[in-house]
Amino acid sequence: MSALVRHSPLIGLGFLQSTVYPKKVTCYFSTCMWKCHSSIGKVIGIRTTSMRTTVPTRRICSSGRLLLQFGSRARQKQEDLDYQQAILRRNMAQHPKVICLGNPLLDIQVDVTESYLAKYGLKSNDAILVEAGSGDAKLNIFDEIVEMEDVKFVAGGAAQNTARGIAYVLGKDQVGYFGSVGEDKFSARLLKENDAAGVISLYQVQKDISTGKCAALITGHDRSLVTDLAAANHFTPDHLDKHWDLVESASLFYIGGFHLTVSPEAIVKLGKHAQENNKPFILNLSAPFIPAFFKSALEQVLPYTTYVIANESEAAAYAESFGVEADKEDLAAIAKHIVGDSKTRTVIFTHGLEPTVSVSAEGTNTYDVVPLDPSKIVDTNGAGDAFAGGFVAGLAQGKSLETAIAQGQWLAALSIQEVGPSYPAEKKQFQA
């Protein structure tokens with residue numbers, strides 16, 4: 001019987017894959033300790049001088065694999081670590097024009113069956129949080145889907161999506177992104193995705209906490225999101241201090257509102273620098289729960305903003321939280337409350353296909369959205385992040401408010417024709 005022989009770095013350990021029984025793997029163990037670990041239990045300390053066993057291939061190829069691959073995993077982990085350290089060292093020597101701060105997540109997108117969702121009690125078009133170390137069986141999803149066919153990795157998290165949008169317009173090494181990640185294979189993947197997109201990753205690395213990640217489980221036109229924030233929740237202001245030269249050399253700053261839940265101190269630190277040096281400071285409210293449940297943090301940051309971006313749902317949540325006496329549909333009135341007495345702050349509200357509204361001390365303006373054939377719309381997830389990317393890039397290019405908003409609308413239109421918060425592989429140019 002012919003067979004393919006592979007060897008493990010463990011002493012005297014190898015396995016044969018039969019050409020007659022391709023679904024089976026025959027394992028040979030010679031005078032060694034071996035371990036089998038899976039998500040459902042452990043078998044430790046089996047000792048033998050001659051042992052032969054046949055196990056299904058899937059047990060080796062799934063998340064519950066035998067440690068026949070331990071050596072290759074260790075090598076891969078070291079390679080990922082070396083890559084991470086080399087890229088971050090290189091990146092810290094760059095001086096991007098735009099600095100973004102947010103909560104980095106690795107988006108892992110894959111098509112699954114309804115039965116896979118049912119296996120974990122998930123619903124389509126739903127979003128849940130899971131926490132590392134909780135023992136939640138749903139944490140196994142991340143290890144399982146990375147082995148699936150046609151899996152797609154995207155550097156995610158709202159502000160990181162925006163950073164990629166800025167890079168799409170401005171080009172390579174013009175935008176840097178601060179956030180917190182773990183020292184693992186997921187952050188190595190994030191670095192590779194950002195590097196390919198032209199974003200300079202300026203990560204703070206947590207040695208004992210995993211990288212935040214979001215599993216996007218796609219069934220037809222629906223998606224179920226499973227998110228583990230993990231290291232993204234652990235950014236600290238001292239990481240900015242260590243790389244303050246990058247802050248000083250930047251021309252403008254973009255803050256994802258989700259970071260208000262992590263380190264308002266870091267945001268205020270950047271805001272003070274921007275205000276003292278007359279640099280644009282842009283805040284995106286990001287989600288309705290930010291003004292609803294993080295009002296105090298938002299109040300700390302708003303005085304430093306020159307631009308505030310939100311959608312109609314976030315505007316309504318702001319109005320309710322801050323007691324704005326206006327109809328929730330009256331975006332201009334809500335925006336005026338955010339502008340307040342500032343002579344330099346502009347508030348921009350998007351509203352899907354409805355006109356975009358801008359309000360400043362100079363008055364109120366609306367900007368029509370160019371219609372898009374509904375048949376071209378693939379996925380609206382990340383449209384707001386894309387709008388912010390095009391808009392911020394426009395500011396960095398010195399364009400007028402009207403043109404920057406138009407560029408934001410243009411990039412959002414490109415994004416919703418892609419799967420997930422992504423941009424066309426073929427570079428397109430904005431025409432005013």
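The values are calculated or read from the model by the stated rules, or taken from the named source; none is laboratory data. Fair warning: this is a prediction, and the values are worked out from it, not measured in the lab. Here Cβ is always computed from backbone atoms with ideal geometry, including for glycine, and neighbour counts include all displayed protein chains.
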Of all residues in the stretch 227-261 being in contact with a Phe, Trp or Tyr (Cβ under 8 Å, 6 or more places away or on another chain) and either hydroxyl-bearing (S, T, Y) or under 23 Å from G420 (Cβ atoms) (or both), the one that is surrounded by the fewest Cβ atoms within 10 Å (Cβ to Cβ): T261
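Can you name the residue in the stretch 368-420 that is part of a helix (DSSP H, G or I) and hydroxyl-bearing (S, T, Y) and, of all such residues, is modelled with the lowest pLDDT?
We begin by selecting, within the stretch 368-420, every residue part of a helix (DSSP H, G or I); these are 374-376, 383-396, 401-415.
The next check asks that each one be hydroxyl-bearing (S, T, Y); those that pass are 375, 403, 415.
Values: S375: 91, T403: 98, S415: 95.
Result: S375.
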Can you pull out every residue in the stretch 311-337 that is buried (at least 21 other Cβ atoms within 10 Å of the Cβ) and among the hydroxyl-bearing types (S, T, Y)? Y318
Of all residues in the stretch 368-388, count the ones that are in contact (Cβ under 8 Å) with a residue 40 or more places away in the chain and surrounded by 14 or more Cβ atoms within 10 Å (Cβ to Cβ). 11
Let me spell it out: the conditions are (1) surrounded by fewer than 19 Cβ atoms within 10 Å (Cβ to Cβ); (2) farther than 22 Å from W244 by Cα; (3) in contact with a Leu (Cβ under 9 Å, 6 or more places away or on another chain), and S286 meets all of them except one. Which number is the exception? (1)
The stretch 305-320, residues that are assigned to a helix (DSSP H, G or I) and either in contact (Cβ under 8 Å) with a residue 60 or more places away in the chain or assigned by TED's automatic domain parsing to the domain that holds G408 (or both): none
Odd one out for D208, checked against (1) among the charged types (D, E, K, R); (2) closer than 30 Å to A406 by Cα; (3) without any contact (Cβ under 8 Å) to a residue 60 or more places away in the chain: (2)
Pick from Y203, Y168: which is buried (at least 20 other Cβ atoms within 10 Å of the Cβ), in a strand (DSSP E or B) and in contact (Cβ under 8 Å) with a residue 12 or more places away in the chain? Y203
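Look through I218, I267 and report the one residue that is over 13 Å from the mean Cα position of the chain (by Cα) and either in a strand (DSSP E or B) or under 30 Å from M148 (Cβ atoms) (or both).
On the way: I267 fails: either in a strand (DSSP E or B) or under 30 Å from M148 (Cβ atoms) (or both).
When all the criteria are applied, what remains is I218.
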